[in-house]
């Protein structure tokens, strides 16, 4: 069974009544709930020791889900480096919404990860661009979120390895809202929706996408390649 | 359980004693054997009615494996069109070795699919280029085939969606020997090795790759998108 | 100087007064006009001998621009095959708007090239997705067409090698409206806008995109690779 | 005219007689020489003030070429950050050989950039994988370097946006030796050859590749996209 750890900054929930009302168990709690039938799911939050990301937790995590927003800087560079190493060693990583500005996402992407945004609660329609992709399994041609924060292009990310979803926004923007990357032995999925004041993570299609992504991002069974000085595999004829 | 159909031209086996000695049950029989533990596997060959590819067979096939060489032209354009439709509707397709020149592969690629080749029985070393890819699951950094036909670049294919393997050949060439493509709802994997006079399909790593590819290429559960004239989803304000 | 041939079906212009009013010299005439300052530009149309695409014309064309709609089937398979060969040999190809269903585009793509469409004259906003791409040179973050036909996802094309533009439509759809492909030695650019009843090809940004694309698609100076049987480049040690 | 700055660590040349013999003007001097006919070329080295990379130099550089090996760590994080910003703003970057481990390349890639290596002076044959790419302009199907350091897969880089070259090594390895990436408004080309003890940068094909890459990587004329809070472009109907 795939071991999932849902990491959440968990700050909005503590200071904002409106958010707490939508997510009384925290965003992490809601995500844990809908994944619990199919996966072994733990949660971890910023205010726990080692941010809840001890070596033991990381080493036993197959897929890490990441939600953060106002406290990206409070995550130490050291733990970011450890998470990155785990990804390069094969751990899957699913970065949600405002996690686009998390240290872990930015360091794995190598770009600013900046974008346009607007908190107007407008309509978002998420179109499936790659109908053959397992992350789109079970979805219709598109699904809608009546009220969401807008994220718009240009999204300053590397060219995605795979473009699964593109969003249409009522206010006139588009956005690559579901993109995948490979880094070392690990797989990464960024998924746009999930502003803290909207009940996005209760949406059945959003839940389906995240569950599909967990299966897709689970590590492939293999050792990390060997790097460094290498003996020739063939006889060299250098004079 | 995934339904696999192994299609083989099955001509070398009938006219060439050397090939029959290596593959007494035909190349299709050997492939069926090593897949039979994990999948529901049928075979189909050129000389059967409708080339063994009736609508009933095609419609109940999740992943089609294709081996052909000297008789590509004997497969009718009509059946090629039917196979293509099935791929666009979601059926996986695994094209092996000399199948690079099959009508079905060429029509799905849109290029000549030409390459360099040499039948000298030289050494091939197949390197894993994408260690995160499920098709590379369970493999080491590379595997070797002591005696194989050489295929060399330039391989006139579209830029692959994913490059999984690259071959080194003793005679000085390289080749993109494991590549994936998406076409409509379907996934395609081309895998280079498998000259008819060598026991390549008995190699455990080759078998692992093909079994991995079957799992990877299996259809995603979804309807094909709707095309054609579409009503607006939003109110239009055109004057 | 780059030699451009603008091919147009030129049928709407002959039978539809509204189209003739917008494009009195034909769509090809308008495109020729705005390219003429920077390139050597000819036109060719369906009703000319050999559709205006003799060997002499094709062999002296660096970049071919293609507009067609109601008469795709009138272009013979033979001339489509010749154009395809020229692309594989290095000629650039720019396919416009309804050319998505042309034989030449479909045969080079290998998919149905189908899409959603609606002739309501709604607003289209074309966003730059790849700001580093030469085809986007000199453009702002987006440009708008007040009245255009809608094309919507899913667009059944192979995964583009490069995604340059994505369109937002007033009616709620999105579309990958500027995409590139490489086929053999040749480069292909598909560009969405250009319905025959709208003055799209007079738009300065649309003109800029097409001119940029001509420069981008111009052939690279080189021979086509050699294919077929190949002598070893290294000494073989086969026993 | 394109402004090129050739940055070289320039340490081997000072401490190793063998290197000085091959590159009496330094690797940067040799690269400057063969580019000087076609471009405006400056050099910059590690031991100059600000490593030769003042704001004035960076801001007037269209394409930066980077060679480093033993002193990657001596380049300050601050200057690396400035170079990265310039790339995201459009400056082209060409990273050569052992520059795969430079801070600037690693931070733009987000991976370890590790690889296999061997200093045996064996034969490398560099095959053109993408014959349509401008960086391959004027080259044959392959070119050879009689004596080079080996770099072998797995090369721990993100999936390249474009794979231009793949190397065959006498000792049995393969390597993606010419790869491109886009980051923000900027273009990046990594090119493998160039060990300091071999006369690689005097090779005419190597010189052609680097000159081609300069042209390819030159900035596109455009402003960087606007990020941050954005007003709606359409009327919002939120209740």
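Observations on the structure shown:
- Members of segment B:158-175 found to be more than 10 Å from chain C (Cβ to nearest Cβ) and surrounded by fewer than 24 Cβ atoms within 10 Å (Cβ to Cβ), listed by number: B:163
- Residue among C:10, C:16, C:3 that is farther than 21 Å from residue C:203 by Cβ and at pLDDT 95 or above: C:3
- A single member of A:9, A:17 is under 14 Å from the mean Cα position of the chain (by Cα) and farther than 20 Å from residue A:215 by Cα, and it is A:9.
- Residues of segment C:97-127 classified as at negative phi, more than 7 Å from every other protein chain (Cβ to nearest Cβ) and either modelled with pLDDT under 95 or assigned to a loop (DSSP other than H, G, I, E, B) (or both), total: 1
- Residue A:202 more than 7 Å from every other protein chain (Cβ to nearest Cβ), buried (at least 23 other Cβ atoms within 10 Å of the Cβ) and under 19 Å from residue A:65 (Cβ atoms): no
- Segment A:176-199, subset in a loop (DSSP other than H, G, I, E, B) and within 10 Å of chain D (Cβ to nearest Cβ), residue farthest from residue D:111 (Cα to Cα): A:185
- Here residue D:130 qualifies as in contact (Cβ under 8 Å) with a residue 24 or more places away in the chain, more than 14 Å from chain A (Cβ to nearest Cβ), touching a strand residue (DSSP E or B) at 6+ places or on another chain (Cβ under 8 Å) and surrounded by fewer than 24 Cβ atoms within 10 Å (Cβ to Cβ).
- Filtered by the rule that a residue be surrounded by fewer than 22 Cβ atoms within 10 Å (Cβ to Cβ) and either closer than 22 Å to residue B:147 by Cα or in contact (Cβ under 8 Å) with a residue 60 or more places away in the chain (or both), segment B:1-14 gives B:2, B:3, B:11.
- Residue that is farthest from residue C:75 (Cα to Cα) [pool: residues in segment C:1-19 that are touching a strand residue (DSSP E or B) at 6+ places or on another chain (Cβ under 8 Å) and in a loop (DSSP other than H, G, I, E, B)]: C:1
- Among the helices (runs of 4 or more DSSP H) confined to segment A:20-94, the ones with at least 3 residues that are touching a strand residue (DSSP E or B) at 6+ places or on another chain (Cβ under 6 Å) and surrounded by 21 or more Cβ atoms within 10 Å (Cβ to Cβ) are located at A:26-35.
- From the options D:154, D:147, D:235, residue that is surrounded by fewer than 24 Cβ atoms within 10 Å (Cβ to Cβ), facing chain A (nearest Cβ under 9 Å), over 30 Å from residue A:162 (Cβ atoms) and at pLDDT 95 or above: D:147
- Segment D:141-166, subset in contact with a helix residue (DSSP H, G or I) (Cβ under 8 Å, 6 or more places away or on another chain) and part of a loop (DSSP other than H, G, I, E, B), residue farthest from residue A:84 (Cα to Cα): D:155
- Residue in segment D:108-119 that is closer than 26 Å to residue D:76 by Cα and without any contact (Cβ under 8 Å) to a residue 12 or more places away in the chain present: no
- Within segment C:205-232, restricting attention to residues that are in a loop (DSSP other than H, G, I, E, B) and away from chain B (no Cβ under 14 Å), the residue that is surrounded by the fewest Cβ atoms within 10 Å (Cβ to Cβ) is C:221.
The values are calculated or read from the model by the stated rules, or taken from the named source; none is laboratory data. As the structure is a prediction and not an experimental result, all values here were calculated from the model. Cβ sites come from the backbone with ideal geometry, for glycine too, and all protein chains shown count toward neighbours.
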